[in-house]
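The structure under discussion appears below in the form of structure tokens.
The values are calculated or read from the model by the stated rules, or taken from the named source; none is laboratory data. Please read all numbers here as calculations on a predicted model, not as lab measurements. A quick note on method: Cβ atoms are made from the backbone with ideal geometry, for glycine too, and the neighbour counts reach across all protein chains shown. The protein model used for the area step is the full one, side chains on, heavy atoms only, and it has no ligands, DNA or RNA in it. Shrake-Rupley method; radii C 1.70, N 1.55, O 1.52, S 1.80 Å.
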Amino acid sequence: MKILVTDDSRVMRQIVIRTLRQAGYDDHEIIQAADGREALQLVGSEQPDLVLSDWNMPEMSGIECLQALRASGSQIPFGFVTSEGSPEMREKAASAGALFLIAKPFTEETFRDALDGVLA
Amino acid sequence: MTAAAVQEPITGLLDAATVLAVADDVWTSLVGDGEVLVPLPLPAPAETVSAWVQITGPWCGAVVVSCAEATAEALTGCLLRARPPAVLEPEDVEDALGELANVLGGNVKAVLPGPSALGLPQAGPNPPAARPGDLCRVDAQWRGQFLTITVQGATGAPHAERTR
């Protein structure tokens, strides 16, 4: 499977990718985007199987990217990895069609709990 | 005419123990297992670098992380798990310190009155000015080096004594 990791922080993308490996998802191809707009383009051109996305990003936020994907008819599995995990944000994410929201700081277990049903 | 909403000083909303508890989780997860912030103050170095995120809502202010440049570089190495220690680009150091501020800010925001919005991380030598007395600061050490985390009210926010 191909996973698109989207975050405007290169350091955080590396941390997310490392945590994916540590959580046991080390046989998946990883591609990266630096904001929602690039993620949107890569979903079209690279056809990943899952998008993991930050929420707050310049150019286009994660929620705007998800809304644009759903508006275009894409049903690609989409989950947030973000520094905010309030009930309001979780509700907003779910309403927009996200499968899960992983709040930072996270652990390998958090990733496994969220991703096992998606990547199994 | 209705009175402008008055912002309570951060000291009435948050204490240093809460900030330290948030920081402990962030350090364990991002910096590494066994990496801890020790809440003992040290004299500030001559020059510090900072990263911060703004919170805008019923409470407006910033969460600021400050330390020496060398400490920021060491933190970056830890976040990237660079072994052996790699030559780091200045953008990576700003990015890493910014992400620490971002994750701290997101978790601090969760315990403040909402709804509120978190800004994008910024970094540099001069963080936003703190309003005197309207701050909650953890003076700490990481690996024996100076590091502070400050949650501070915005200087422009309407405060109780201004509107009285």
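Side notes on the structure shown:
- Condition check for B:VAL111: in contact with a helix residue (DSSP H, G or I) (Cβ under 9 Å, 6 or more places away or on another chain) and within 11 Å of chain A (Cβ to nearest Cβ): yes
- Checking segment A:49-70 against the condition returns no match, with no residue being over 13 Å from the mean Cα position of the chain (by Cα), within 11 Å of chain B (Cβ to nearest Cβ), of a type in the set (A, V, I, L, M) and under 28 Å from B:GLY105 (Cα atoms).
- Note on segment A:1-75: enclosed strands (runs of 3 or more DSSP E) holding 1 or more residues that are touching a His at 6+ places or on another chain (Cβ under 7 Å) and open to solvent by less than 20 Å² (accessible area, probe 1.4 Å) are A:2-6.
- Those residues of segment B:1-44 which are within 21 Å of B:GLY144 (Cβ to Cβ) and open to solvent by less than 40 Å² (accessible area, probe 1.4 Å), in sequence order: B:VAL19, B:LEU20, B:ALA23, B:VAL26, B:TRP27, B:LEU30, B:VAL31, B:GLY32, B:GLU35, B:LEU37
- Among the candidates B:LEU42, B:LEU30, B:LEU79, residue that is aliphatic (A, V, I, L, M) and touching a strand residue (DSSP E or B) at 6+ places or on another chain (Cβ under 9 Å): B:LEU42
- Among residues of segment B:71-97 that are more than 11 Å from chain A (Cβ to nearest Cβ), those with a Cβ under 8 angstrom from a residue that is of a type in the set (A, V, I, L, M), sequence gap 6+ or separate chain, pair up as B:THR71/B:LEU147; B:ALA72/B:VAL49; B:ALA72/B:VAL93; B:ALA72/B:ALA96; B:ALA72/B:LEU97; B:GLU73/B:LEU88; B:GLU73/B:VAL93; B:ALA86/B:LEU80.
- Strands (runs of 3 or more DSSP E) within segment B:58-164 that include 1 or more residues of a type in the set (Phe, Trp, Tyr) and open to solvent by 20 Å² or more (accessible area, probe 1.4 Å): B:145-153
- In segment B:45-57, residue surrounded by the most Cβ atoms within 10 Å (Cβ to Cβ) [restricted to those that are of a type in the set (Gly, Ala, Ser) and in a loop (DSSP other than H, G, I, E, B)]: B:GLY57
- In segment B:122-134, the condition of being modelled with pLDDT of 90 or more and within 24 Å of A:GLU59 (Cα to Cα) is met by at least one residue.
- With respect to (1) open to solvent by 70 Å² or more (accessible area, probe 1.4 Å); (2) touching a residue at least 60 places away in the same chain (Cβ under 8 Å), the lone exception for A:VAL81 is condition (1).
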